[in-house]
Every structure is written in C-alpha cells, then in structure tokens.
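A short reminder: the numbers here are calculations on the coordinates, not readings from a lab. As the structure is a prediction and not an experimental result, all values here were calculated from the model. Because the Cβ atoms are built from the backbone with ideal geometry, glycine has one as well, and the counts that use them run over all protein chains shown.
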C-alpha cells in the first residue's frame, strides 16, 4: 500500500536550501523510488500554531518500507546535513489504506 511523506519546512535561506539540500534530496528520492506530488512555499495554517508561511512537500512511495529505506539510508543522513541551520522541518510518514 502506498506511503506518503509530508514535510513542512520554515526556511531561513531559501536559495541555499534549494540549491544544496533541495537538489540532493530530489535526486535521492527519485533513486529510492519516491516521487513528488507537491513542492511549494506559502503554507497557510488554518489551525494550530506552526507552519504559517512554511514550504510544503509531499512525496509518494510504493510502500512504507521503501520510504523508510530512503529515510534511514546513510546517503540521506549526509544530505540532511545540508539543511542544518537553514531549515526547521516537521516530517510525517503515513501509509494510505485502500479506500473502496
């Protein structure tokens, strides 16, 4: 069953984020079998107190083990270092049950 990774990121230096972390993460996501459904700035918080103005990313994966293999990979551990000190991220993973 498909799995989704949902990310909200408050980015202090958008240009540096996109040219470093963004490019490297995109290549790894594709390499590990994921694909982007949404990448965009300007989140509007309707309820709660975190994320207004943040960027949002949603990626789709064949299943949760594939998503976790990406997330837990040594390659991604190195790429995550590229966003240190320039982005405050919240990340969720959710499996999508089939809806009839």
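Classify the stretch 27-85 from the C-alpha gyration tensor, please: rounded if a/c falls under 1.5, else prolate or oblate depending on whether a/b exceeds b/c. Note, shape of the stretch 27-85 comes out prolate. A Förster radius of 35 Å combined with the Cβ-Cβ distance from residue 68 to residue 15 puts the calculated FRET efficiency at roughly 0.70.
Pairs of Cα atoms nearer than 8 Å and 6+ residues apart set the relative contact order; for the chain it is 49 percent.
Return 72, 63 ranked ascending by Cβ neighbour count within 10 Å, so the fewest neighbours appear first.
Details: 72 9, 63 14.
Least crowded to most crowded, the residues run 72, 63.
If you wrap the tightest convex hull around every Cα atom of the chain and split its volume per residue, you get 103 Å³. Counting beta carbons within 10 Å around each of 21, 36 and listing the fewest first gives the order 36, 21.
Let me make sure I get this right: for the stretch 3-43, a, b and c are the square roots of the gyration tensor eigenvalues over alpha carbons, sorted descending. Under 1.5 in a/c it's rounded, otherwise prolate if a/b > b/c, else oblate. Which is it?
Values: a/c = 2.64, a/b = 1.32, b/c = 1.99.
Oblate shape, in that a/c is at least 1.5 and b/c is the bigger or equal ratio.
The distance linking the stretch 1-19 with the stretch 38-83 is 5 Å (Cα centroid to Cα centroid, whole angstrom).
Ranked for footprinting exposure by Cβ neighbours inside 10 Å, fewest first, 71, 50 give 50, 71.
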